[in-house]
Amino acid sequence: MVSEATTATLAGVSVTASFPFYLYGAWIVIDSETVTWSVLLRHLKFIVVGLALTTVPVVGWMAPRLMDQFGGLAVLHAVLGLQAYAMLAFALTGIVRIFQAKHAANLYRDPDRDVDLDDLHENMSAWRGRLRIGVFGYVLFWIGAYLIGVVRYVQLHL
């Protein structure tokens with residue numbers, strides 16, 4: 001059977017490897033003048049890989065072991081990680097609505113239309129705010145959970 005230190009190392013490598021996917025996925029959207037359907041799909045491919053590299057170790061290895069280690073940094077690590085996912089869920093409430101409005105206006109297939117996004121729906125600015133707050137919060141809490149995870153790894157396995 002694989003040792004706990006080996007499993008912890010593999011989980012740490014997987015979570016560490018997710019960060020460049022998040023950064024590159026964000027860069028794809030930031031670097032685009034117009035977010036077309038192909039840009040959105042390319043962005044999502046990298047973000048989904050990053051989420052998978054983080055979520056699989058969390059669900060498959062970290063979460064089942066939490067109750068055995070409940071205390072101190074383990075609790076802080078879990079709280080920060082859960083808060084990161086809560087912020088992601090909050091961002092999704094904006095992403096879904098923005099997607100629906102842009103899809104209804106055909107802005108993914110025909111991006112050259114001269115339309116202000118805020119004119120697409122009366123709540124667009126609120127949805128975009130949710131998206132920004134959610135993504136910023138996810139990254140902030142993800143980094144916090146990651147750093148605590150590194151400290152815990154050093155304490156427990158090195």
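Residue pairs, Cβ under 6 Å, 6 or more apart or interchain, first in segment 20-44 and farther than 15 Å from F99 by Cβ and in contact (Cβ under 8 Å) with a residue 12 or more places away in the chain, second buried (at least 16 other Cβ atoms within 10 Å of the Cβ) and of a type in the set (F, W, Y). List them.
What qualifies is F21/F46; Y24/F46; G25/F46.
Based on this model, can you work out whether D114 counts as open to solvent by 50 Å² or more (accessible area, probe 1.4 Å), modelled with pLDDT under 85 and part of a helix (DSSP H, G or I)?
Taking the combined requirement at face value, the residue does not satisfy it.
Looking at segment 87-111, which of its residues are open to solvent by less than 50 Å² (accessible area, probe 1.4 Å), modelled with pLDDT of 85 or more and among the hydrophobic types (A, V, I, L, M, F, W, C)?
M87, L88, A91, I98, A101
Need pairs with beta-carbon distance below 6 Å; first residue farther than 19 Å from L88 by Cα and within segment 117-133, second open to solvent by 50 Å² or more (accessible area, probe 1.4 Å) and assigned to a helix (DSSP H, G or I); sequence gap 6+ or separate chains.
Sorted first by the residue in segment 117-133, then by its partner, the pairs are D118/S125.
Does W27 fit the bill of being among the hydrophobic types (A, V, I, L, M, F, W, C), over 16 Å from the mean Cα position of the chain (by Cα) and more than 22 Å from I148 (Cα to Cα)?
For W27, the condition - among the hydrophobic types (A, V, I, L, M, F, W, C), over 16 Å from the mean Cα position of the chain (by Cα) and more than 22 Å from I148 (Cα to Cα) - is not met.
Being open to solvent by 60 Å² or more (accessible area, probe 1.4 Å) and either aromatic (F, W, Y) or in a helix (DSSP H, G or I) (or both) is the filter here, so list the residues in segment 17-41 that pass it.
Answer for segment 17-41, where residues must be open to solvent by 60 Å² or more (accessible area, probe 1.4 Å) and either aromatic (F, W, Y) or in a helix (DSSP H, G or I) (or both): F19, P20, F21, L23, Y24, W27, I30, D31, W37, S38, L41.
Among the residues of segment 78-91, are any in contact with a Lys or Arg (Cβ under 7 Å, 6 or more places away or on another chain) and closer than 20 Å to R132 by Cα?
Within segment 78-91, one or more residues are in contact with a Lys or Arg (Cβ under 7 Å, 6 or more places away or on another chain) and closer than 20 Å to R132 by Cα.
For residues that are loosely packed, with under 15 Cβ neighbours inside 10 Å and at pLDDT 90 or above, scanning just segment 143-156, find the one that is farthest from L10 (Cα to Cα).
It comes out as I143.
Only one residue in L80, L73, L53, L120 is more than 17 Å from the chain's Cα centre (by Cα), under 30 Å from L156 (Cβ atoms), open to solvent by less than 70 Å² (accessible area, probe 1.4 Å) and not acidic (D, E), so which one is that?
Exactly one of L80, L73, L53, L120 is more than 17 Å from the chain's Cα centre (by Cα), under 30 Å from L156 (Cβ atoms), open to solvent by less than 70 Å² (accessible area, probe 1.4 Å) and not acidic (D, E), namely L73.
Can you pull out the residues in segment 123-142 that are charged (D, E, K, R) and surrounded by fewer than 17 Cβ atoms within 10 Å (Cβ to Cβ)?
Matches in segment 123-142: R128, R132.
Out of everything in segment 1-11 that is surrounded by fewer than 18 Cβ atoms within 10 Å (Cβ to Cβ) and closer than 25 Å to V79 by Cα, what residue ends up being nearest to the chain's Cα centre (by Cα)?
So, considering only residues that are surrounded by fewer than 18 Cβ atoms within 10 Å (Cβ to Cβ) and closer than 25 Å to V79 by Cα, the one nearest to the chain's Cα centre (by Cα) is L10.
The values are calculated or read from the model by the stated rules, or taken from the named source; none is laboratory data. Remember, predicted model here, so these are calculated numbers, not experimental data. Ideal geometry is used to build each Cβ from the backbone, glycine not excepted, and the neighbour counts take in all protein chains shown. These area figures cover heavy atoms from the full protein model, side chains too; ligands, DNA and RNA do not enter into them. Shrake-Rupley method; radii C 1.70, N 1.55, O 1.52, S 1.80 Å.
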